[in-house]
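This report refers to the structure that appears directly beneath it.
Each value in this text was obtained by applying a stated rule to the coordinates, not by laboratory testing. From a predicted model like this one, the values you see are computed outputs, not experimental measurements. Don't worry about glycine lacking a Cβ; one is built from the backbone with ideal geometry, like all the others, and counts go over all protein chains shown.
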Amino acid sequence: MVVAIVHAEDASALTDALLDGEYRATRLHSSGGFLKQSNATIIVGVEDEQVEAVLSIIRDQCHSRTQLVNPMPPIMEPGEFFLPYPLEVEVGGATVFVLPVDRFERL
Ligand code: 2BA
């Protein structure tokens, strides 16, 4: 089973490309623990020999992006001064986990 966490903007193109390749996929709405922004988790159940083809579709469809994050201000002592400035974070293309499946059934 391939579990891919991808940018929300890439998710539709990715599921379309997977369906074009006749792979069955499920899209879950998720959000990142760090940025707290929406992303998508795509689950694809495939045979072992199809994993590389699925990874190649994910590589083609998912692109890395830079996003700006506003850091939390620190706890300040009286008289201290904090000038907030956004940090650049690179997100994606895709974070992919490949997991073995003990049993699969469609009932
Ligand atoms: P987020 O947790 O919102 O993370 C977004 C991006 O922020 C990450 O991009 C990474 O560049 C940065 N980042 C995350 N945690 C950080 C930290 N503690 N310090 C500094 N920078 C940090 P990606 O690595 O491409 O991850 C994109 C999304 O994939 C993540 O969104 C999360 O939803 C998921 N993800 C990444 N690694 C994961 C893991 N090991 N387990 C589960 N989900 C993961």
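From the square roots a ≥ b ≥ c of the eigenvalues of the alpha-carbon gyration tensor of the stretch 48-107, which class results: rounded (a/c under 1.5), prolate (a/b over b/c), or oblate?
The shape class here is prolate.
Only Cα pairs within less than 10 Å get springs; with that Gaussian network setup on the chain, which residue of Val96, Val46, Val69 has the largest fluctuation?
Top of the fluctuation ranking is Val69.
Kindly provide the pair-distance distribution of the chain built from C-alpha pairs, with 5 Å bins from 0 and whole-percent values in order of increasing distance.
Percent of Cα pairs in each bin: 2, 10, 20, 19, 13, 10, 7, 5, 5, 3, 3, 1, 1, 0.
Ranked from highest to lowest mean number of other Cβ atoms within 10 Å per residue, what is the order of the peptides 81-94, 13-26?
Highest-to-lowest ranking by the protection proxy: 13-26, 81-94.
Which residues' amide hydrogens lie under 5 Å from the amide hydrogen of Asn39, considering only partners 5 or more residues apart or on another chain, with H built in the peptide plane?
Sorted by chain and number, the residues that satisfy this are Ser30, Ser31, Gly32.
Between Leu83 and Met1, what FRET efficiency comes out of the Förster formula 1/(1 + (r/R0)^6) with R0 = 30 Å and r the beta carbon distance, rounded to 0.05?
That pair, Met1 with Leu83, gives E of 0.05.
Can you tell me which of Ile75, Ile58, Ile42 moves the most in a GNM of the chain? Springs connect C-alpha atoms under 10 Å apart.
Ile75
Applying the Karplus parametrisation 6.51 cos²θ - 1.76 cosθ + 1.60 with θ = phi - 60° to the phi angles of the stretch 38-54, what ³J(HN,Hα) value in whole Hz is obtained for each residue in order, glycine and proline being reported as x?
4, 9, 10, 10, 10, 10, 10, x, 9, 6, 3, 6, 9, 4, 5, 5, 5
Can you give the extra length, in nm with one decimal, that the chain gains between Arg65 and Gln50 once fully stretched, where that is 0.36 nm per residue apart less the Cα-Cα distance?
Working: separation 15, 0.36 × 15 = 5.40 nm, distance 2.75 nm.
The Arg65-Gln50 span can extend by a further 2.7 nm.
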